[in-house]
Each structure stands twice: as structure tokens, then as C-alpha cells.
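Below: the structure, in C-alpha cells.
The values are calculated or read from the model by the stated rules, or taken from the named source; none is laboratory data. It should be emphasised that the depicted structure is a prediction, and the values quoted were computed from it without experimental measurement. Please note: Cβ atoms are built from the backbone with ideal geometry, for glycine as well, and neighbour counts cover all protein chains shown.
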């Protein structure tokens, strides 16, 4: 394929606009010899003279007028497009497209959302709630949320929580009717509401710790959902015992509509992270969002326990 010799077009247009090589050099912030060299190189690549230079003036040749008529408007459009692109990168208003799990929304976003919109009222947070492992680049998201154990090495990650604490939980009506399990083995005799991973297409394991060892219990499932919101709703309706991050259930637990069980056997989980691809590093809107979340993370960590 023959490459179009576009290098030097900006210099050519600057000379025509400013009226001389020295004036063009000043507008471009380079030396006059560099401008002369780039113009000669452009003419050599095209194979025709573009300007007639005298001691008093610079005149366009027929070829120069043809290039000016075609390249001038096109270069202005390219410049405008670049400036528009740069403006998007520096914008502090607009839309952030984010992939998030329900638990991450409840733990990280919900407690600070009002504060964020009070500070940045012109920012739209466009959330896609997805429990599976989303390819945020392919799906067009600016960033996503995941626990640290499933992050990929090609992403930039920002920790937003400490170690996470899960829980088993049930409605008081269920516990009154069927009793409270005293050991994870007791779950084998209970009605359980389980979550099935959208990505792995299998039911999540229920792990517990006993005498410093991590073990797994796999009770029969009365109900299975691939959405954690429905797991929680089914448990609220009294259909069995479920599992979740404790932080995602704080409102329900504090109000008493749900109760935890087997707290002494729960395992800790890796922190939640916001992650994004390298190409979004310079996106000002994303930086503002991350700085805001990190400031709230540090504020929570500074509170006395």
C-alpha cells in the first residue's frame, strides 16, 4: 500500500497562514531552519513545489493551492477532533459506565452515593449490575468492581475495602420454624438458597473455618438463583438459609428482618477493588471517582473501632 506523505502538512499550513517561515516557526514553537527542512521534505515526498519563496513574499504554486484547498479544511477537522478527544479525557462532567456486583454496590457505593452526587452533580454513574466475570474492555465499561482473588494482571486495581466478612443468614420466621444450625454440617438438613455463578455455570461453594482449617459444605439446594438479589429476597420470604457478604445486608440485619447464623465458622474474603484498563488511566472523570472512593475508604479506616 502506498503511504500518503502527510508529514509536514501542519508546517505547510502554518507558513501559508502566517505568511513567512519565521512567523510559522514562532507559531509552532520551533526554529526557522526546522520549518524550512520539513517544508522541503514534504515537497520532495510529494514531488512538486508548493511555494515560491522570494525575499519579500511567499506565493502558492498551483500545486500548493490544490493542497491548501483540500488539506486545510481536513486538517482543521482533525485538529477539532483531537481537541474534542482531549476534552473528553479532561472532562469532569459526563457519564461513567461501570460494571458492578450487587454486594459491591451495597458495600462501596450505596453509603456514599448521596455525597458523590452532591459534590459532582453533573456526573452520571451508569451501573450494569452483573455477578459474572465481565470483560469490561469488550463490553465498553470504564471500570469494574471485583474481589482481589479474581483480578487479572493486565488491569490497574485500586483497593476500596479491607478484608470482607461473609455470613450465613435467614429470616426469623424460618429459624423459628426449622431451628438454628449450630454447625455448618447442620446445613445439610436445612432448606438452603444458593447462588449459581453466571460465568462458571456452577453453584458457589460454601466454605467455613474449623480449627484453623478451611472446609466446604454442599447442602442440597431448595432454590438456586444466578442473581444475589433474588437469593436475598427468597431468604427474606422465609424459604431457607442463604449466604452473602455481611456488609451487603447491614440494613436488613440492623432492622431484624434477617439474622446471621454460624458466625464463628465464617471465612474472611479478599478486599473489593475497582479495576480498569491502562488506556483509561488518563480519564479525568474516572480519576475523580476513584479519588472520591479512596477518600471515603481512608475515612472509614480512620474511625475508631
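Taken together, the criteria exclude residue 258 from residues that are within 18 Å of residue 102 (Cβ to Cβ), in contact with a strand residue (DSSP E or B) (Cβ under 8 Å, 6 or more places away or on another chain) and surrounded by fewer than 18 Cβ atoms within 10 Å (Cβ to Cβ). Taking the stated definitions as given, is residue 257 in contact with a helix residue (DSSP H, G or I) (Cβ under 8 Å, 6 or more places away or on another chain), assigned to a helix (DSSP H, G or I), at pLDDT 95 or above and not assigned by TED's automatic domain parsing to the domain that holds residue 111? Judged against the criteria, residue 257 is not a match.
Check whether at least one residue in the stretch 203-220 is closer than 18 Å to residue 146 by Cβ, touching a residue at least 40 places away in the same chain (Cβ under 8 Å) and crowded, with 18+ Cβ neighbours inside 10 Å, and report yes or no. No; the residues of the stretch 203-220 include none that is closer than 18 Å to residue 146 by Cβ, touching a residue at least 40 places away in the same chain (Cβ under 8 Å) and crowded, with 18+ Cβ neighbours inside 10 Å.
Every residue, every condition in (1) part of a helix (DSSP H, G or I); (2) free of Cβ contacts under 8 Å to residues at least 40 places away in the same chain, yes or no:
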residue	(1), (2)
222	no, yes
231	yes, yes
251	yes, yes
275	no, no
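The set of residues in the stretch 280-303 that are farther than 16 Å from residue 108 by Cα, out of contact with any helix residue (DSSP H, G or I) (no Cβ under 7 Å at 6 or more places or on another chain) and touching a residue at least 60 places away in the same chain (Cβ under 8 Å) comprises 281, 285. Taken as a whole, the stretch 171-178 holds no residue that is on the phi > 0 side of the Ramachandran plot and either in contact (Cβ under 8 Å) with a residue 40 or more places away in the chain or part of a helix (DSSP H, G or I) (or both). Is it the case that some residue within the stretch 71-91 is in a strand (DSSP E or B) and modelled with pLDDT under 95? No, the stretch 71-91 contains no residue that is in a strand (DSSP E or B) and modelled with pLDDT under 95. The residue list 143, 118 contains one member that is in contact (Cβ under 8 Å) with a residue 60 or more places away in the chain and not assigned by TED's automatic domain parsing to the domain that holds residue 195, which is 143. Of everything in the stretch 104-152 that is within 20 Å of residue 201 (Cβ to Cβ) and in a helix (DSSP H, G or I), the residue that is nearest to the chain's Cα centre (by Cα) is 150.
Return the only residue of 137, 235 being assigned by TED's automatic domain parsing to the domain that holds residue 296 and touching a helix residue (DSSP H, G or I) at 6+ places or on another chain (Cβ under 9 Å). Step through it out loud before you land on a result.
On the way: 235 fails: assigned by TED's automatic domain parsing to the domain that holds residue 296.
Testing whether each residue is assigned by TED's automatic domain parsing to the domain that holds residue 296 and touching a helix residue (DSSP H, G or I) at 6+ places or on another chain (Cβ under 9 Å) leaves just 137.
Among the residues making up the stretch 153-170, those that are surrounded by 18 or more Cβ atoms within 10 Å (Cβ to Cβ) and either without any contact (Cβ under 8 Å) to a residue 12 or more places away in the chain or outside any strand (DSSP E or B) (or both) are 160, 161. Within the stretch 277-287, being surrounded by fewer than 17 Cβ atoms within 10 Å (Cβ to Cβ), part of a helix (DSSP H, G or I) and touching a strand residue (DSSP E or B) at 6+ places or on another chain (Cβ under 9 Å) holds for one residue alone: 278. Of all the numbered requirements in (1) in contact (Cβ under 8 Å) with a residue 24 or more places away in the chain; (2) touching a strand residue (DSSP E or B) at 6+ places or on another chain (Cβ under 8 Å); (3) surrounded by fewer than 18 Cβ atoms within 10 Å (Cβ to Cβ); (4) farther than 27 Å from residue 209 by Cβ, residue 134 misses one, and that requirement is (3).
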